[in-house]
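One structure below.
The values are calculated or read from the model by the stated rules, or taken from the named source; none is laboratory data. Predicted model only: the values in this text are computed from it and were never measured. Please note: Cβ atoms are built from the backbone with ideal geometry, for glycine as well, and neighbour counts cover all protein chains shown. These area figures cover heavy atoms from the full protein model, side chains too; ligands, DNA and RNA do not enter into them. Shrake-Rupley method; radii C 1.70, N 1.55, O 1.52, S 1.80 Å.
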Amino acid sequence: MKAKNNFPKKELKKKEKKKCDDSKLTGFATLNQVSGVPKPHPYKSKLQVSPAKIIKEPLVSCSICGETIHNISQAMINPDGSFVHFDCVLDDLKKNHSVHENQTISYIGRGTFALLEKDENGSWSIVERYVYENQESFEKMKAYVEGTKV
């Protein structure tokens, strides 16, 4: 059995309207306005900030292709100590090592490349590693780049 309201529909709407009119929050758009929080302002530090150092590109030539290296951060050090493009190293490794249809050469970090092979399940495994840039030469290059900063 359904319960009936004792109020007619018009009276119910008037009571709801009156309830809204009595609200203290009418006219405020945000909670911060209601609580009296001050408007945010940008923070200004009193500490002196030193200017950022800029890398002055050395513009050395790649020992593999002979072109200028425009971004030293994308270069590697050849085992003989000269700078080379990352892409030139990758292309050189692909030319000098036999890569089959289901294999590829990829960079795996810390100056090391690997010959990867894809199996029937679609997962990759390392077949062979090629250490191109050792830790000592990496540190030498890092020190060189730090020295070129202005």
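Data overview
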{"read-out": "For the range 55-148: lysine pairs under 21 Å (alpha-carbon distance), excluding those fewer than 8 apart on one chain", "value": "4"}
{"read-out": "Local electrostatic count at LEU116 - Lys and Arg +1, Asp and Glu -1, tallied over other residues with Cβ under 11 Å", "value": "-1"}
{"read-out": "Sulfur and carbon atoms: percent of accessible area, the range 58-150 [1.4 Å]", "value": "47 percent"}
{"read-out": "Cα-projected label distance for VAL37 with LEU90, points at 7 Å along beta-carbon direction, nm", "value": "4.7 nm"}
{"read-out": "Label point distance in nm, LYS44-GLU67, each placed 7 Å from Cα along Cα→Cβ", "value": "4.9 nm"}
{"read-out": "Phi to ³J(HN,Hα) by Karplus 6.51 cos²θ - 1.76 cosθ + 1.60 over the range 67-74, Hz, x for Gly, Pro", "value": "7, 6, 8, 7, 10, 5, 6, 9"}
{"read-out": "Amide H contacts of VAL127 (H built 1.01 Å from N, under 5 Å, at least 5 apart or other chain)", "value": "LEU115, LEU116, GLU117"}
{"read-out": "Spin-label pair THR148/TYR130, simplified geometry with 7 Å Cα→Cβ offset, distance in nm", "value": "2.4 nm"}
{"read-out": "11 Å reach of a label modelled at THR104, 7 Å along Cα-to-Cβ, counting backbone N of the range 113-129", "value": "116-118, 124"}
{"read-out": "5 angstrom amide H check on ASN78, placed H, neighbours 5+ away", "value": "PHE83, VAL84"}
